[in-house]
Amino acid sequence: MRIMAIDYGDARTGVALSDATGFLAGRTFLIKSRKEDVVLEELTTLARREGAQELVMGYPRNMDGTLGPRAEKYAAFAQRLEEATGLPVQLWDERRTTVDAHRILGDHGIRAKNRKDKVDAVAAALILEGYLDWKRLQAQRPKKEEQTP
């Protein structure tokens, strides 16, 4: 099952695709647009072209776990994306993914001024890796037997 992760942003949107088995994070893409309709169209095209079967989108929470105005905007965009693609969109807590993406790029010697076009794609890959790890853990958990009344 190919899964596509999205780090939606105001100016750039990072995208990461899993391999065909839905086990590993694979290729990344960057959509450069401030226009919501353009981003929506490009994501829809990419999902269809790459055969995505599930979408996971970063969901901005405050550090204390509460939701702010950006979360409402992202949830509305996720709804539009689900309608446009016909695919389920899972909202995924993205706290610290951009910070971690900057750290990873810095650790690889990429100077701060050269990170702008890379950080969103790396953040999308981190969202995807976290989601794939969670799915693997869920699959390993023992199924609870249904209790009869």
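Of the residues making up region 28-56, those that are in a helix (DSSP H, G or I), surrounded by 14 or more Cβ atoms within 10 Å (Cβ to Cβ) and not hydrophobic (A, V, I, L, M, F, W, C) number 5. Scanning region 4-13 for residues that are open to solvent by less than 50 Å² (accessible area, probe 1.4 Å), farther than 14 Å from Ala47 by Cβ and assigned to a loop (DSSP other than H, G, I, E, B) gives Gly9, Ala11. For region 57-86, which residues satisfy the criterion of being assigned to a helix (DSSP H, G or I), closer than 24 Å to Ala25 by Cα, open to solvent by 20 Å² or more (accessible area, probe 1.4 Å) and not polar (S, T, N, Q)? Residues satisfying the conditions are Ala75, Glu82, Ala84. Among residues that are of a type in the set (Gly, Ala, Ser) and closer than 23 Å to Ala101 by Cβ, Ala76 is not included. Look at region 67-92: where a residue is in contact (Cβ under 8 Å) with a residue 40 or more places away in the chain and a partner is open to solvent by less than 30 Å² (accessible area, probe 1.4 Å) and among the small types (Gly, Ala, Ser), sitting 6+ places away or on another chain with Cβ atoms under 7 Å, you get Thr85/Ala47; Leu87/Ala47; Leu87/Ala52; Trp92/Gly58; Trp92/Gly130.
Evaluate the following for Arg80: is it of a type in the set (D, E, K, R) and modelled with pLDDT of 90 or more?
Details: of a type in the set (D, E, K, R): yes; modelled with pLDDT of 90 or more: yes.
Judged against the criteria, Arg80 is a match.
Scanning region 14-27 for residues that are open to solvent by 70 Å² or more (accessible area, probe 1.4 Å) and not in a loop (DSSP other than H, G, I, E, B) returns a single hit, Arg27. Using the structure shown, decide if Ile104 is at pLDDT 95 or above and either open to solvent by 50 Å² or more (accessible area, probe 1.4 Å) or not charged (D, E, K, R) (or both). When the stated conditions are applied, Ile104 does not pass them.
If you check Val122, Val89, Val99 for being open to solvent by 30 Å² or more (accessible area, probe 1.4 Å), out of contact with any Lys or Arg (no Cβ under 9 Å at 6 or more places or on another chain) and either at pLDDT 75 or above or within 19 Å of Ala5 (Cα to Cα) (or both), only one passes: Val99.
The values are calculated or read from the model by the stated rules, or taken from the named source; none is laboratory data. Because the structure is predicted, anything quoted here is derived from the model rather than measured. Methodologically, a virtual Cβ is constructed for each residue, glycine included, from the backbone with ideal geometry; neighbour enumeration extends over all protein chains shown. Just the protein is used for accessible areas: all its heavy atoms, side chains included, with ligands, DNA and RNA removed. Shrake-Rupley method; radii C 1.70, N 1.55, O 1.52, S 1.80 Å.
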